[in-house]
Every structure is written in structure tokens, then in C-alpha cells.
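Single-structure report; data block below.
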Amino acid sequence: MNKPAKAPLRYHVRHDTRYDYDQPVGESRQLLRLAPRELPWQHVRDHRLEIDPEPARRRCFVDGLGNLAEMLNFERDHDALFIRAESWVELRPRTLPALDRTPPWETVRDGLEYRAGRRLDAERLEACAYLFESRHVRVKREFAEYAAQDFPAGTPLLAGVDRLMRRIFAEFTFDPEATDVSTPVTEVFEKRRGVCQDFAHFMLSCLRSLGLPARYVSGYLLTRPPPGKPRLIGADATHAWVSVYCPGHGWVDFDPTNALMPDLEHITLGWGHDFADVSPLRGVILGGGEHEPEIAVTVVPEDEFATLYGTAQLPGLASA
């Protein structure tokens, strides 16, 4: 007897970013990547932005990696900037492959190596772009040596990736004070401490150092408050994990921060070679003085929306 299909789950995501400047900003250009991607298992029912002050110009586009992006131009003096991105996202269960029934990892590596005269299809050509070093990911012998014990000869690719993910989870400590966005991945390896972004960059460094294509995924993770405590607005954060290319299965996600394969609690914003490709917000300003962003993220299941926000209205769903 076939099991009944699981119903899709809906989430509301609110991502607030605020800058308060010491001095007026005369001109500013901001690049946003705050719109979730449309995927086979993820449907974006609604997405909207609230911006203060109103930009002089806005331009939406799809970047070279297929992520949705928006450019904002501000041309008048302003002392603060507030951007709120709100999305309703529907997730369906993913079809996860049997890890032990995937190709041997050496076969995948050898099949993507450059050879004169070899022609690759579009899918494999895309995968080859994620074999190399990038701003936050290094290809080095020490990373390959660390990963080697999880990839003995003949190991099915995804079984090896799963073992590597679980070893990173066991051997590294989550510590928000240990690193910042500029901490090199070599230092993360030495300290064995960091946050989700660091663990993703380290796992990518290990996989690419073995000759395996892997990309950085940016998004959100549903978190749960401590037992007996209410869910709080702004208590969540952005999240990061990795995706590995496996012939016959496409790209398969792994979350080393939590030692699991993402399914119904991971919301995907976009992906790239590393964090620099998918930073939720980055820009340049003229003026401003000293300033630090205040960021508040809230991910809430549909059935908790009214309790959290004090209204039965579910904005965005009626128009989706």
C-alpha cells in the first residue's frame, strides 16, 4: 500500500535589516538577494519588500547563477535605511536518494576532470564551475587529507559526503564569537569553531579539494524555542549549507551545522561558490560614518502566524 503524500508546509519569513548612520549618507547603492528561489520542492507564494527611504530607482534581475536579485539606488541624504523582506514559502517533501546507491566518488571526480576533446553536457558543465577555489573556499592538500578517511576507494559519493558532514558536526563547535565574515577557512579548520557559514565553507573546501563539485546554499532554517518558551519575533537568523553534484540525482543538499539532509525546514534563498555570491544585502555608500547593521529574522509556520503577530490575517496568501 502506498503511503499518503505529505501535505506541503507553508512558512512566513520576515527579514529586517536596519542601518543607523553616524553621518548622513548622500548616495547609496544596495544589492539585495532576499527573494527565495522557485524550486521543484519550493514554491514562493508571495514576496514583497518594504523600504525606507524609498529608493530613487529599483531594478530586478536574475544573476549569473540563477538567483533573484534587486538593485536599489538612493540619491538623497538619509540618516537611516530600513529594508523588510517578507515571503510566504511552501515546501514539499524532497525525494532523497539512497546514499549507498550512488556512483563511486572516484567515478564522479574522474568524469569531471578536464581532458582535451572531452565534451560535457550542460548539467556537468555547470557542476564544473563549483570545483575551484573562490573567495572563501580553498583547495588545499590538508583539506583533502581531512576528508580522505570518509572517502575510501569505491565509496558511494553521497555516503561519503554524509559521513564527512557528520564528522564535521561531531568535531567542530558552534561558536558565534569565534569568527566573523572575514575569518579564513584555514583558521576555522585550525580552531574547529565557527558558525553555519564557516562549516559550509570548510565542507566545501574538503569536497573541492577531493575534486568533487559542491556549492554554497543560503537560506533560512525553522528553529524551535526552548520548551515552554514562546516563539519570538526576530530571534532567528539566516542559515547556510552545502549542495553536492551527483550524476543521476542532480544537486543534493547537506547541512553540516545540524548533521542532516535538508527537507521540510530549510528555505532556500540562493546558491553560489561561497557566501560572497549570495550575501543577502551588500552595497556601497557615500558618507555614513560608523555603522553596523541590525538584522532580525523570523521564520514561522503558517499555523503559528496569528499567535505570533496577533492577527488572523495571512498577508500574501490571498493573492498567491
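The values are calculated or read from the model by the stated rules, or taken from the named source; none is laboratory data. On a predicted model such as this, the values are computed, not experimentally measured, just so you know. Cβ atoms come from the backbone with ideal geometry, glycine included; neighbour counts cover every protein chain shown.
Looking for something farther than 16 Å from LEU264 by Cα and of a type in the set (Gly, Ala, Ser) - is there at least one such residue anywhere in region 35-57? Looking through region 35-57, at least one residue is farther than 16 Å from LEU264 by Cα and of a type in the set (Gly, Ala, Ser).
Contact map, region 142-156: first residue at positive phi, second residue of a type in the set (Asp, Glu) and part of a helix (DSSP H, G or I), Cβ cut-off under 9 Å, separation 6 or more or different chains; pairs are GLY154/GLU106. ASP150 falls short of the stated requirement of being under 28 Å from ALA237 (Cα atoms) and assigned by TED's automatic domain parsing to the domain that holds LEU212.
For region 219-239, state whether one or more residues are in a strand (DSSP E or B), farther than 24 Å from PHE305 by Cβ and not assigned by TED's automatic domain parsing to the domain that holds ALA296. It would help to see each step written out before you state the result.
Going residue by residue through region 219-239, those that are in a strand (DSSP E or B) are 219-221, 235-236, 238-239.
Next, only the ones that are farther than 24 Å from PHE305 by Cβ stay: none.
Looking through region 219-239, none of the residues is in a strand (DSSP E or B), farther than 24 Å from PHE305 by Cβ and not assigned by TED's automatic domain parsing to the domain that holds ALA296.
To keep it simple, each residue is scored yes or no on (1) under 23 Å from TRP105 (Cα atoms); (2) modelled with pLDDT under 95; (3) in a strand (DSSP E or B).
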| position | (1), (2), (3) |
| --- | --- |
| THR268 | no, no, yes |
| TRP271 | yes, no, yes |
| LEU286 | no, yes, yes |
| GLU290 | no, yes, no |
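If you go through region 292-310 and keep only what is of a type in the set (Val, Ile, Thr) and in a strand (DSSP E or B), you end up with ILE295, VAL297, THR298, VAL299, VAL300.
Give me the strands (runs of 3 or more DSSP E) completely within region 9-65, filtered to those with at least 1 residues that are farther than 30 Å from ARG76 by Cβ, under 16 Å from the mean Cα position of the chain (by Cα) and not acidic (Asp, Glu), ordered by residue number.
On the way: elements: 9-32, 42-52, 57-62.
Those strands (runs of 3 or more DSSP E) span 42-52.
If the Cβ limit is 7 Å and pairs must be 6+ apart or interchain, which residue in region 243-260 that is assigned by TED's automatic domain parsing to the domain that holds LEU204 pairs with which residue that is polar (S, T, N, Q)? Matching pairs, first to second residue: CYS246/THR102; HIS249/THR102; TRP251/SER243; VAL252/SER243; ASP253/SER243. As for region 110-121, it holds no residue that is modelled with pLDDT of 95 or more, part of a helix (DSSP H, G or I), among the hydrophobic types (A, V, I, L, M, F, W, C) and surrounded by 14 or more Cβ atoms within 10 Å (Cβ to Cβ).
Just the residues that are of a type outside the set (S, T, N, Q) and touching a residue at least 60 places away in the same chain (Cβ under 8 Å), please, taken from region 78-87.
From region 78-87, those of a type outside the set (S, T, N, Q) are 78-86; that's our starting set.
Across region 78-87, the qualifying residues are ALA80, LEU81, PHE82, ILE83, ARG84, ALA85, GLU86.
For the residues ASP20, ASP46, the requirement of being more than 24 Å from VAL62 (Cα to Cα) and touching a residue at least 24 places away in the same chain (Cβ under 8 Å) singles out ASP20.
Does LEU207 qualify as being touching a Cys at 6+ places or on another chain (Cβ under 7 Å) and under 22 Å from VAL244 (Cβ atoms)? The answer is no for LEU207. Note on region 298-320: residues that are at pLDDT 90 or above, in contact with a Lys or Arg (Cβ under 7 Å, 6 or more places away or on another chain) and among the hydrophobic types (A, V, I, L, M, F, W, C) total 1. Hey, any hits in region 59-72 for a residue that's surrounded by fewer than 17 Cβ atoms within 10 Å (Cβ to Cβ) and closer than 23 Å to ALA296 by Cα? Within region 59-72, one or more residues are surrounded by fewer than 17 Cβ atoms within 10 Å (Cβ to Cβ) and closer than 23 Å to ALA296 by Cα.
Among the conditions (1) in a helix (DSSP H, G or I); (2) surrounded by 11 or more Cβ atoms within 10 Å (Cβ to Cβ), ALA170 misses just one, which is (2).
Could we say that PRO36 is over 27 Å from GLU90 (Cα atoms) and surrounded by 18 or more Cβ atoms within 10 Å (Cβ to Cβ) here? Considered against the rule, which asks whether it is over 27 Å from GLU90 (Cα atoms) and surrounded by 18 or more Cβ atoms within 10 Å (Cβ to Cβ), PRO36 comes out as no.
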